[in-house]
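Chemist: Dumping the structure here so I can ask a few things about it.
The values are calculated or read from the model by the stated rules, or taken from the named source; none is laboratory data. Please read all numbers here as calculations on a predicted model, not as lab measurements. Neighbour counts run over all protein chains shown; Cβ positions are idealised from the backbone, glycine included.
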């Protein structure tokens, strides 16, 4: 009986020891903060399109009788593109010329009548009323002649407009009409029949959309490389030409349209080709960096709170008000990492950091960490909750009551101004000392 009781006690001690051993704290997976190079690249897909294509229209209407160019033809400035049947416009021009001759003859007659009536009026042969009537007829003849000459000039322009010439040198991109079709004149910018579209394909562009999170990494003038499906073995050089200010929202994601101009002297790139643009945003050398998986925003606290067995509300209440959203406020999320504290003991610290560019693998750290620090890989700790939660503390710059970033900048500026004033006073004291 005594031996049986002793066995039970030993078994119980063994179970307790096993439980304590199994409940020992397990360190979280970490990685060292190191220095290295970051090649920041922004990629997007798009379609090749011409730069500033010109729609060719005619200010004359009629039937197309000649069109010597086809789609894909390379034309020079001033080259014949289309000829409209000139018979109607030629008849209108002839009629306008005849009206101009008649108005000129009428003006000469009115001029002779005026000279004769002036002479008769000077000799008191006619009355003032008859003299005034002659002057009125002369003025009407001048007005009619001016009107007929304007009509003649318009008819001459219409005859010239029946012959359509290329306003620029380029390639015929499209030609929706053929010989024999009737076209209407372009009386306004949006009116008339489009005969064809010409574009200079020596330089083309690709319109792509960039995610708003990447907008801080790009600017106008950056170099880019373009790869198209048609030429898989080569790339083309391009330049970021324009960033449109109006966002486009697609399926709840905000994008910004970006134009990349591409040199196409060989004429290999054609409008409509699909391709991928790689914008060379930055090449950083020997910068402090951590894996992107180690960084989270302060509005993502639930997984970390669960890992460290801290209620989310408790964790939120310990952070600065400007970092988290609260009642009546929106909050501006900051970026934080979990740092393993030296000395062991399974202790960690939530620390605010400032981040720079990223290549979607690692991110530059501009403030908050130093080389050699160990940061927790937050993506790895989300999958399994440890039996013994590690201990977490909040860094001083994140605690409730700590000065915000704006307040810290203002205090630094005041301190710098005071130091400058103190230095000036000290220098004045030295110069006035006897």
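Chemist: Scan region 16-24 and give yes if some residue there is part of a loop (DSSP other than H, G, I, E, B) and modelled with pLDDT under 55, otherwise no. Give the derivation first.
Modeler: Start the filter on region 16-24 by keeping residues that are part of a loop (DSSP other than H, G, I, E, B), which leaves 23-24.
Now drop any that are not modelled with pLDDT under 55, which leaves 23.
The answer is yes, given that some residue of region 16-24 is part of a loop (DSSP other than H, G, I, E, B) and modelled with pLDDT under 55.
Chemist: A follow-up question, please. Read through the list (1) at pLDDT 75 or above; (2) surrounded by 10 or more Cβ atoms within 10 Å (Cβ to Cβ), then give the number of the only condition that residue 401 fails.
Modeler: Here residue 401 clears every test but (2).
Chemist: Within region 305-319, can you find the residues that are surrounded by 13 or more Cβ atoms within 10 Å (Cβ to Cβ) and touching a helix residue (DSSP H, G or I) at 6+ places or on another chain (Cβ under 7 Å)? Walk me through it before giving the result.
Modeler: Of all residues in region 305-319, those surrounded by 13 or more Cβ atoms within 10 Å (Cβ to Cβ) come to 305-310, 312, 315-316, 318-319.
The answer is 305, 307, 312, 315, 319.
Chemist: Restricting attention to strands (runs of 3 or more DSSP E) lying wholly within region 197-281, give those where 2 or more residues are surrounded by 20 or more Cβ atoms within 10 Å (Cβ to Cβ) and at pLDDT 90 or above. Before the answer, list the steps.
Modeler: On the way: elements: 203-211, 223-228, 236-243, 248-250, 253-263.
So the answer is 203-211, 223-228, 236-243, 253-263.
Chemist: Looking only at region 117-129, decide whether some residue is buried (at least 16 other Cβ atoms within 10 Å of the Cβ) and not in a helix (DSSP H, G or I). Don't jump to the end; show me each part of the working.
Modeler: Looking only at region 117-129, we keep the residues that are buried (at least 16 other Cβ atoms within 10 Å of the Cβ), and these are 117, 121, 126.
Narrowing the set further to residues that are not in a helix (DSSP H, G or I) leaves 126.
The answer is yes, given that some residue of region 117-129 is buried (at least 16 other Cβ atoms within 10 Å of the Cβ) and not in a helix (DSSP H, G or I).
Chemist: With respect to residue 101, is the statement that it is surrounded by 14 or more Cβ atoms within 10 Å (Cβ to Cβ) and either within 30 Å of residue 199 (Cβ to Cβ) or over 32 Å from the mean Cα position of the chain (by Cα) (or both) true?
Modeler: Working: surrounded by 14 or more Cβ atoms within 10 Å (Cβ to Cβ): no; either within 30 Å of residue 199 (Cβ to Cβ) or over 32 Å from the mean Cα position of the chain (by Cα) (or both): yes.
Answer is no for this residue.
Rundown of residues vs (1) under 60 Å from the mean Cα position of the chain (by Cα); (2) closer than 30 Å to residue 357 by Cβ; (3) at pLDDT 85 or above, yes/no style:
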residue: 37; (1), (2), (3): yes, yes, yes
residue: 60; (1), (2), (3): yes, no, no
residue: 73; (1), (2), (3): yes, no, yes
residue: 81; (1), (2), (3): yes, no, yes
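Chemist: Working only within region 141-180, note down all residues that are over 41 Å from the mean Cα position of the chain (by Cα) and assigned to a loop (DSSP other than H, G, I, E, B).
Modeler: Residues of region 141-180 that are over 41 Å from the mean Cα position of the chain (by Cα), as a first pass: 141-160, 162, 179-180.
Of everything in region 141-180, those that are over 41 Å from the mean Cα position of the chain (by Cα) and assigned to a loop (DSSP other than H, G, I, E, B) turn out to be 162, 179, 180.
Chemist: For residue 361, only one of the following conditions fails: (1) more than 29 Å from residue 388 (Cα to Cα); (2) out of contact with any helix residue (DSSP H, G or I) (no Cβ under 8 Å at 6 or more places or on another chain); (3) exposed (fewer than 15 other Cβ atoms within 10 Å of the Cβ). What is its number?
Modeler: The number of the failed condition is (2).
Results for (1) more than 30 Å from residue 279 (Cβ to Cβ); (2) in the same structural domain as residue 261 (by TED's automatic domain parsing); (3) touching a helix residue (DSSP H, G or I) at 6+ places or on another chain (Cβ under 7 Å); (4) part of a strand (DSSP E or B), shown as yes or no for each residue.
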| residue | (1), (2), (3), (4) |
| --- | --- |
| 44 | no, yes, no, yes |
| 60 | yes, no, yes, no |
| 64 | yes, no, no, yes |
| 68 | yes, no, no, no |
| 78 | yes, no, no, no |
| 93 | yes, no, yes, no |
| 97 | yes, no, yes, no |
| 101 | yes, no, no, no |
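Chemist: Show the residue pairs meeting these rules: Cβ distance below 8 Å; 6+ apart or different chains; first residue within region 19-35 and within 19 Å of residue 348 (Cα to Cα); second residue modelled with pLDDT of 85 or more and assigned to a helix (DSSP H, G or I).
Modeler: Qualifying pairs under 8 Å: 31/294.
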